[in-house]
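K.L.:
Sharing a structure here in structure tokens format.
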Amino acid sequence: MDLFKAIKELQEEKRRIERLIELLEEHAGEPKPVRRRGRKSMSAAERAEVSRRMREYWKRKKQPAPGGESP
């Protein structure tokens with residue numbers, strides 16, 4: 001193998017690697033998107049539905065149990 005050809009190929013590979021490193025460094029400086037933690041907020045329609053279900057739940061809780069009181 002020709003020594004000059006090997007040197008030329010290595011120099012081209014070095015340029016490609018240096019360019020990739022530059023690109024990676026540019027992207028490394030960008031902030032990552034912030035992930036929200038916790039519960040998602042409910043829309044007005046979702047809150048109304050939950051409210052309706054809870055009203056029905058408490059109406060049933062107020063009614064005496066059929067067959068007497070619970071222990």
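K.L.:
Got at least one residue in region 39-53 being of a type in the set (Asp, Glu) and exposed (fewer than 10 other Cβ atoms within 10 Å of the Cβ)?
P.N.:
First, pick out the residues of region 39-53 that are of a type in the set (Asp, Glu): 46, 49.
Still in the running and exposed (fewer than 10 other Cβ atoms within 10 Å of the Cβ): none.
No: zero hits.
K.L.:
Within region 28-45, is even one residue assigned to a helix (DSSP H, G or I) and at pLDDT 85 or above? Show your work before the answer.
P.N.:
Residues of region 28-45 assigned to a helix (DSSP H, G or I): 28, 44-45.
Keeping just the survivors that are at pLDDT 85 or above gives 44-45.
Looking through region 28-45, at least one residue is assigned to a helix (DSSP H, G or I) and at pLDDT 85 or above.
The values are calculated or read from the model by the stated rules, or taken from the named source; none is laboratory data. The model shown is predicted, which means the values in this text are computed figures rather than measured ones. Every residue, glycine as well, gets a Cβ built from its backbone with ideal geometry; the counts of neighbours run over all protein chains shown.
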